[in-house]
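Structure, as structure tokens:
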């Protein structure tokens, strides 16, 4: 793979595609009956039941959000995927930090706590059975209805904004890569039907409708 091929694989549309795949899996996992209960006892205390998919749900949901935010950042900063490498900011897993770096990602202050909740899991208990050191031990959080509702709201706004940006304002990436994408279906919870903006000298081509799949790049 050369630098051009790398930039194509790291385009905003590709970050969004991965976000959609992770998001759709998380949504299916959240549905009633899709999860199991497991018994757990801590330090010889009483047994209690917990959602067996709680960690996985946080992880998938958090990674979907991370990929969506990085789609915004790559759209805004094409040089961050140049020369066959990801820039340092794109290697971060901090959702709040990634959001602060973006000038285009929608942001509602009243839902900022949702990003913090997701980030807490990504950086500790959802990823590993323990913290990196004893001074940073964090307890597992549970995916409450409030967290999930806030998460869906944020992701829907990300999906609507990203698809509009990538379709209407073609990305100009490094090494001569770029272009616009068509979107037909549901992306991060947002229902969209947008044709890619084509150069004035070319004919518009209609991409087939596909749910939760990126349309045709132009």
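The values are calculated or read from the model by the stated rules, or taken from the named source; none is laboratory data. If you're wondering where the values come from, they're calculated on a predicted model, not measured in any experiment. Virtual Cβ from ideal backbone geometry, glycine too; neighbours counted across all protein chains shown.
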(message) Can you report the number of residues in the stretch 30-40 which are under 23 Å from the mean Cα position of the chain (by Cα) and either modelled with pLDDT under 60 or buried (at least 16 other Cβ atoms within 10 Å of the Cβ) (or both)?
(response) 3
(request) Would you confirm whether any residue within the stretch 84-107 is over 18 Å from residue 13 (Cα atoms) and in contact (Cβ under 8 Å) with a residue 40 or more places away in the chain? (result) no
(message) If a residue must be crowded, with 21+ Cβ neighbours inside 10 Å and at positive phi, how many such residues does the stretch 138-179 contain?
(response) 0
(message) Quick check on the stretch 208-217. Is at least one of its residues modelled with pLDDT under 85, crowded, with 17+ Cβ neighbours inside 10 Å, at negative phi and not in a loop (DSSP other than H, G, I, E, B)?
(response) yes
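For the stretch 145-196, which positions are in a strand (DSSP E or B) and within 21 Å of residue 82 (Cα to Cα)?
Going residue by residue through the stretch 145-196, those that are in a strand (DSSP E or B) are 171-172, 178-179, 181, 183-187, 190-194.
Selection gives 171, 172, 178, 179, 181.
Could you tell me whether the stretch 191-200 includes any residue that is closer than 19 Å to residue 93 by Cβ, at pLDDT below 95 and in contact with a strand residue (DSSP E or B) (Cβ under 8 Å, 6 or more places away or on another chain)?
no
Residue-wise test of (1) surrounded by 15 or more Cβ atoms within 10 Å (Cβ to Cβ); (2) more than 20 Å from residue 114 (Cβ to Cβ); (3) in contact with a helix residue (DSSP H, G or I) (Cβ under 9 Å, 6 or more places away or on another chain); (4) modelled with pLDDT under 95.
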| residue | (1), (2), (3), (4) |
| --- | --- |
| 20 | yes, no, yes, no |
| 42 | no, yes, no, yes |
| 48 | no, yes, no, yes |
| 66 | yes, no, yes, no |
| 70 | yes, no, yes, no |
| 80 | yes, yes, yes, no |
| 84 | yes, yes, yes, yes |
